[in-house]
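Undergrad: For reference, the structure I am asking about is given below.
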Amino acid sequence: MRILKLTLFIIFPLFLLAAEPFTIDAFLLIDQSGSMKDTDPHNIRISAAEYFIDLLSQDYSKTLKHRLGIVNFGDKPPQTIPLTYLSPEGAAKLKNSLKPLDLGNTSFISALKEAKREFQRGKGRARKSSSSLRMESQMIAESFP
């Protein structure tokens, strides 16, 4: 019985590792409110977004066609880059679009609503997974002394 338990303990995690990979659709919500001049004077949010694009695009393949969109938000109308395939060209396009902006005051609600609208627009190419990620440099800056 001990051998059976030990075998299951060793083999079961291997089944989890062999789980079918899935394609990801995600939106990166970047706070571009005026207060970012004070809370993120070095534009860490832009570097963090570039890192995230690099990380997700490394897993892009013929079978894993990940897509990423960007919502730059404040209380002014959000500046949105729609879902873009993370091929080398798509990743470069997204990274080239990143720049600090001043879009007024912070409005998370408008950013979430915009991401939802964009997910619905991209629904024609249905995916197994959709998520919305919020990058806020203040949280990042607090993590690194």
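The values are calculated or read from the model by the stated rules, or taken from the named source; none is laboratory data. Keep in mind it's a predicted model, so treat the numbers as computed, not measured. Neighbour counts are summed over all protein chains in view; Cβ atoms, including those assigned to glycine, are modelled from backbone coordinates with ideal geometry.
Undergrad: Just to be sure I understand the filter: pairs with C-beta atoms under 9 Å, separated by 6 or more residues or on different chains, first member in the range 67-91 and among the aromatic types (Phe, Trp, Tyr), second member in a helix (DSSP H, G or I) and at pLDDT 90 or above. Which pairs pass?
TA: From the range 67-91, the pairs are 85/91.
Undergrad: Sticking with this structure for a sec: Inspect all residues belonging to the range 34-51 and state whether any of them is aromatic (Phe, Trp, Tyr), within 30 Å of residue 108 (Cβ to Cβ), buried (at least 16 other Cβ atoms within 10 Å of the Cβ) and modelled with pLDDT of 85 or more.
TA: Scanning the range 34-51 turns up no residue that is aromatic (Phe, Trp, Tyr), within 30 Å of residue 108 (Cβ to Cβ), buried (at least 16 other Cβ atoms within 10 Å of the Cβ) and modelled with pLDDT of 85 or more.
Undergrad: A further question on this structure: So which residues in the range 101-124 are in contact with a strand residue (DSSP E or B) (Cβ under 9 Å, 6 or more places away or on another chain) and aliphatic (A, V, I, L, M), if there are any at all?
TA: Listed by number, the residues that qualify are 101, 103, 111, 112, 115.
Residue-by-condition table, conditions (1) surrounded by fewer than 16 Cβ atoms within 10 Å (Cβ to Cβ); (2) over 17 Å from residue 55 (Cβ atoms); (3) acidic (Asp, Glu):
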| residue | (1), (2), (3) |
| --- | --- |
| 88 | yes, no, no |
| 98 | no, no, no |
| 106 | no, yes, no |
| 110 | no, yes, no |
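Undergrad: In the range 4-25, is there at least one residue being modelled with pLDDT of 85 or more and either closer than 24 Å to residue 118 by Cβ or surrounded by 15 or more Cβ atoms within 10 Å (Cβ to Cβ) (or both)?
TA: Checked the range 4-25: at least one residue is modelled with pLDDT of 85 or more and either closer than 24 Å to residue 118 by Cβ or surrounded by 15 or more Cβ atoms within 10 Å (Cβ to Cβ) (or both).
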